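A.B. asks: Mind having a look at this structure? Questions to follow.
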Amino acid sequence: QVQLVESGGGLVQAGGSLRLSCAASGRTFTNYGMAWFRQAPGKEREFVAAINRSGGSARYADSVKGRFTISGDNAKITTYLQMNSLKPEDTAVYYCALVGPPWILATTENKYDYWGQGTPVTVSS
């Protein structure tokens, strides 16, 4: 079974930083993209960032540009989300997702085939 395991969430003060990790296991993936989505209470799940297998291309939601950085380690089929200058509005459950071609770097959740369990991030003021 394919499993995506996330870690790194927690409670942080506004202006602080967190680094989320997500590692996939269960099978070998030749080519893929990984992404982060988030869902705040009472809100729909929204796109945050995506990256291709090599790490040469990335895409960000406007709300996180300049503050968040997505990276990857394809040897481990792992993605990271470095979150800096966190704001209370960043509070949400953050989900990792995996997709194959041709939907690498997709921003819509329906394109993604596998999902992590989510890791909560709370930013206090």
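A.B. asks: Can you tell me which of 59, 53, 38, 67 is modelled with pLDDT under 95 and among the basic types (Lys, Arg)?
C.D. replies: Result of the check over 59, 53, 38, 67: 53.
A.B. asks: Scan (1) open to solvent by less than 50 Å² (accessible area, probe 1.4 Å); (2) at pLDDT below 95; (3) within 17 Å of residue 4 (Cβ to Cβ) for the single condition residue 80 breaks and write down its number.
C.D. replies: Status for residue 80: all satisfied but (2).
A.B. asks: So, of the residues in the stretch 64-77 that are of a type outside the set (Lys, Arg), assigned to a loop (DSSP other than H, G, I, E, B) and open to solvent by less than 60 Å² (accessible area, probe 1.4 Å), which turns out to be nearest to residue 4 (Cα to Cα)?
C.D. replies: Among residues in the stretch 64-77 that are of a type outside the set (Lys, Arg), assigned to a loop (DSSP other than H, G, I, E, B) and open to solvent by less than 60 Å² (accessible area, probe 1.4 Å), the one nearest to residue 4 (Cα to Cα) is 77.
A.B. asks: Report every pair of residues separated by at least 6 positions or lying on different chains whose Cβ atoms are under 6 Å apart, first residue within the stretch 35-57 and open to solvent by 10 Å² or more (accessible area, probe 1.4 Å), second among the hydroxyl-bearing types (Ser, Thr, Tyr) and in a loop (DSSP other than H, G, I, E, B).
C.D. replies: 47/107; 53/32
A.B. asks: Between a first residue in the stretch 100-114 that is under 10 Å from residue 32 (Cβ atoms) and a second residue that is open to solvent by 80 Å² or more (accessible area, probe 1.4 Å), which pairs have beta carbons less than 7 Å apart while being 6 or more apart in sequence or on different chains?
C.D. replies: Cβ pairs passing all conditions: 100/113.
A.B. asks: So which strands (runs of 3 or more DSSP E) are wholly in the stretch 1-59 and hold at least 3 residues that are closer than 19 Å to residue 99 by Cβ?
C.D. replies: Fully inside the stretch 1-59 and qualifying: 3-7, 18-25, 33-39, 46-52.
The values are calculated or read from the model by the stated rules, or taken from the named source; none is laboratory data. What you see is a predicted model, and the numbers here were worked out from it, not measured in a lab. Note: ideal-geometry Cβ built from the backbone for every residue, glycine included; neighbour counts use all protein chains shown. Note: accessible area is taken over every heavy atom of the protein model, side chains too, but ligands, DNA and RNA are not part of it. Shrake-Rupley method; radii C 1.70, N 1.55, O 1.52, S 1.80 Å.
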